[in-house]
1. First compute the accessible area of the chain with a 1.4 Å probe, then give the percent of it belonging to carbon and sulfur atoms.
2. Hey, if you put +1 on the Cβ of every Lys and Arg and -1 on every Asp and Glu Cβ in the chain, which of S431, V373, A95 ends up farthest toward the positive end of that dipole?
3. How far, in nm, would the chain grow between D225 and T187 when pulled straight, counting 0.36 nm per residue and subtracting the alpha carbon separation?
4. In nm, to one decimal, how far is the modelled label at K260 from the one at R476, with both set 7 Å along Cα→Cβ?
5. So for region 218-362, taking the charge dipole from beta-carbon charges (+1 Lys/Arg, -1 Asp/Glu), which of S350, N287, I316 sits furthest toward the positive end?
6. Out of I75, F129, G114, whose Cα points farthest toward the positive end of the dipole of region 62-191 (charges: +1 Lys, Arg; -1 Asp, Glu; placed on Cβ)?
7. Rounded to the nearest 20 debye, what is the charge dipole size of region 247-358 about its Cα centre when +1 sits on each Lys and Arg Cβ and -1 on each Asp and Glu Cβ?
8. Let me check something: with ligands and nucleic acids excluded, how do F161, F325 order by accessible area (1.4 Å probe), largest to smallest?
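The values are calculated or read from the model by the stated rules, or taken from the named source; none is laboratory data. As the structure is a prediction and not an experimental result, all values here were calculated from the model. Neighbour counts are summed over all protein chains in view; Cβ atoms, including those assigned to glycine, are modelled from backbone coordinates with ideal geometry. Side chains are part of the model used for accessible areas, which takes the heavy atoms of the whole protein and leaves out ligands, DNA and RNA. Shrake-Rupley method; radii C 1.70, N 1.55, O 1.52, S 1.80 Å.
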Amino acid sequence: MADTKRSSAASGTRFGPTGELPDPVPDHLPFARAASVIAVVVLAGALFGYDQGVISGALVGIQKAFAVGAVALEIVTSWVTLGAMFGSLAGGFVADHFGRKRALLTAAGLFTIGAAVEAFAPNVPVLVFGRLAAGFGVGVAAVAAPLYAAELAPVAQRGRFVASYQLAITIGIFIAYLVDQALAGPTGWRAMLGVSAGPGVLLALAVLTAVESPRWFAKVGRPDDARRTLVALGAGDNADARLAAIEASLRAEHEAPSWKDVFAPRWRTPLKIGLGLAVLQQITGINAIIYYSDSIFAAAGFTTPAAQTQATTWAIGAVNVLSTFIAIAFIDRLGRRPLLIAGLIGMAFSLAAVGFAFRESGTTAGGEGSAGVVTLVALVVFIISFAFSLGPVTWTVINEIYPGEVRGRAVAVATAVNWAAAFLVSRFFLSVVQAIGQAYTFWMFAAFCALGLVWVYARVPETRCRSLEEIEASWRTAPGAASTLQKS
């Protein structure tokens with residue numbers, strides 16, 4: 001079977017699980033439709049990224065406005081991830097039962113409401129509620145946007161479509177840092193947090209003009225709508241054959257999958273892979289660096305708020321955006337595994353270097369000395385390595401490996417686990433630093449990278465150039481299916 005698939009891929013003809021049906025989505029989407037899908041994915045990702053990045057510059061103003069300590073700041077910072085954890089679980093339900101578009105509209109509404117509450121919060125509890133609401137929207141979008149991209153993208157471009165979501169997240173983070181820099185001041189934090197209400201409205205408008213996923217239409221028994229959508233996506237006279245390919249992959253599925261189905265033994269292998277990548281992405285320290293970058297650079301010797309914000313904006317924000325283009329360029333050429341392996345190697349060495357820099361300088365480093373420079377350079381290398389590997393590839397693989405029967409809920413579970421890990425890291429990062437010091441904290445992150453490298457090499461399969469139906473069919477075969485995918 002594997003040899004047959006390799007031969008068909010080489011000849012340019014792709015088959016579904018039956019060996020006869022074409023890919024469900026046309027090889028090339030009309031420009032307007034492709035732009036519509038990308039617009040939805042990019043706006044959802046940018047809002048996600050903005051909510052992640054903006055808090056770094058807002059913390060100083062929040063601390064002064066409400067006279068709070070480190071624990072309260074950790075709660076304000078981390079509760080957006082707590083909301084995202086619950087939002088991702090609800091997002092899977094909404095995406096499966098009401099459609100990918102309605103899920104994205106829900107996310108847009110939550111983004112807008114959360115931003116307004118944050119901007120006008122009279123006290124910390126209301127501010128935390130606003131962060132929770134915005135986080136709920138982040139969680140819904142984190143499920144629905146990559147799922148939407150994966151189901152509407154041509155097979156050969158699916159990695160780039162889904163990776164564009166991660167690119168948008170990095171752009172959102174960078175914009176947040178620029179806004180932080182522009183609005184720096186004792187009262188600027190309200191405007192920083194409220195800015196995302198505007199893009200939330202734009203996301204709603206973009207979703208309203210986009211098409212629904214034909215896979216979802218077929219799944220809920222609306223074949224005529226699925227056919228019309230396929231025609232709109234450029235299927236033309238081949239729409240019936242492509243619809244048949246979708247229905248073939250859905251035929252063996254349950255009408256209403258339960259949460260128990262997600263954990264069924266037959267899907268245990270893809271579930272472990274998805275959950276493993278979701279946890280690994282967070283415990284290697286990315287959100288600790290994104291959320292607390294100003295504090296990290298302050299500890300590394302960047303003594304003024306302006307110097308800290310500038311280092312954050314360009315060393316973290318700008319580098320993050322530019323490096324994600326590496327993944328977009330190579331994820332469908334080289335594959336998922338090579339990017340993950342190369343990225344984890346770079347992340348491990350760079351985090352170890354940050355630890356040694358802090359160790360050499362005690363608990364603080366002079367900004368004019370070598371330790372501050374080493375910290376800056378090493379964090380740049382870390383961001384580059386993450387941005388072309390664990391950042392985009394995690395979401396790509398998670399949205400590829402699950403069968404259509406449980407895809408919405410399985411992606412929701414993986415996303416919820418991802419946010420649970422992010423919550424723990426962001427909630428306790430400052431406390432861990434106070435307990436064991438910066439050096440050992442970054443060495444701990446480096447150790448997680450090393451362990452993750454071994455696991456990825458041994459367990460994560462290659463899914464490049466595989467249709468979603470082919471990947472699903474591989475899990476239905478013998479236990480060695482994962483290794484077959486990996487070697488393909």
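1. 67 percent
2. The residue sitting most towards the positive pole is A95.
3. Working: separation 38, 0.36 × 38 = 13.68 nm, distance 5.03 nm.
Stretched out fully, the D225 to T187 stretch lengthens by 8.7 nm.
4. About 2.2 nm separates the two model spin labels.
5. After comparing all options, I get S350.
6. With unit charges placed on the Cβ atoms, the residue in question is G114.
7. 360 debye
8. The ranking, largest first, comes out as F325, F161.
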